[in-house]
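Participant: After the structure tokens below, expect a handful of questions from me.
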Amino acid sequence: MQQHYVRPEGMPPVHGYSHAVAFSGRILAVSGQVPLDADGRLVGPDDPRAQTRQVFENIRRALGAAGAGMEHVVKLTVYLTDLQDLEAFREARDEYISATAPPASSLIQVAGLVNPAFRVEIDVLAALPASN
């Protein structure tokens, strides 16, 4: 069970996230995912939107391995190397994340990631029903 508190009274406006999410059930932590395909090749070397889509595809696959889906995500932590990529990130994110029940989210600008060609990395927490 999840309850999304997108914008509680007195809280500032949001852009694709909830200020808080209450949940019960089993918790699944997905390690930071980067823009590599199944063969370990970089996707979208100079394309932040393509990189973000690949990251979300990797997250979707990791969740699926545990019997979960994107609808179970309760927290995103996003690492961007360039805040100029924010709009591209948001557009790609909105293809995968529910606009009506978005997860809680943090976004951090970092000086770099493990591979200098990576523009984005995302880790997630998901809440699975207790019966999964």
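Participant: For segment 14-31, what are the residues that are out of contact with any Phe, Trp or Tyr (no Cβ under 7 Å at 6 or more places or on another chain) and closer than 20 Å to Ala92 by Cα?
Facilitator: Val14, His15, Gly16, Tyr17, Val30, Ser31
Participant: Provide a single number: the residues in segment 99-132 that are of a type in the set (Ser, Thr, Tyr) and under 20 Å from Ala66 (Cα atoms). Even if it seems obvious, please write down each step before you answer.
Facilitator: Initial filter on segment 99-132 (of a type in the set (Ser, Thr, Tyr)): 100, 105-106, 131.
Retained after the next criterion (residues that are under 20 Å from Ala66 (Cα atoms)): 131.
So the count comes out to 1.
Participant: Being closer than 17 Å to Tyr5 by Cβ and without any contact (Cβ under 8 Å) to a residue 60 or more places away in the chain is the filter here; which residues of segment 73-99 pass it? Talk me through it step by step, then tell me what you get.
Facilitator: Start the filter on segment 73-99 by keeping residues that are closer than 17 Å to Tyr5 by Cβ, which leaves 73-76, 97-99.
Selection gives Val73, Lys75, Leu76, Ser98.
Participant: Quick check on segment 38-50: of everything there that is loosely packed, with under 12 Cβ neighbours inside 10 Å and of a type in the set (Asp, Glu), which residue is modelled with the highest pLDDT?
Facilitator: The selected residue is Asp39.
Participant: Residue under question is Val30, and the condition is that it be on the phi < 0 side of the Ramachandran plot, open to solvent by less than 50 Å² (accessible area, probe 1.4 Å) and part of a strand (DSSP E or B); does it hold? Show your work before the answer.
Facilitator: Values: on the phi < 0 side of the Ramachandran plot: yes; open to solvent by less than 50 Å² (accessible area, probe 1.4 Å): yes; part of a strand (DSSP E or B): yes.
Answer is yes for this residue.
Participant: Hey, does segment 19-30 have a residue that's at pLDDT 95 or above, more than 13 Å from Leu125 (Cβ to Cβ) and touching a helix residue (DSSP H, G or I) at 6+ places or on another chain (Cβ under 7 Å)?
Facilitator: no
The values are calculated or read from the model by the stated rules, or taken from the named source; none is laboratory data. Small disclaimer: the values here were computed from a predicted structure and weren't measured. Virtual Cβ from ideal backbone geometry, glycine too; neighbours counted across all protein chains shown. For accessibility, only protein heavy atoms count, side chains too; no ligands or nucleic acids. Shrake-Rupley method; radii C 1.70, N 1.55, O 1.52, S 1.80 Å.
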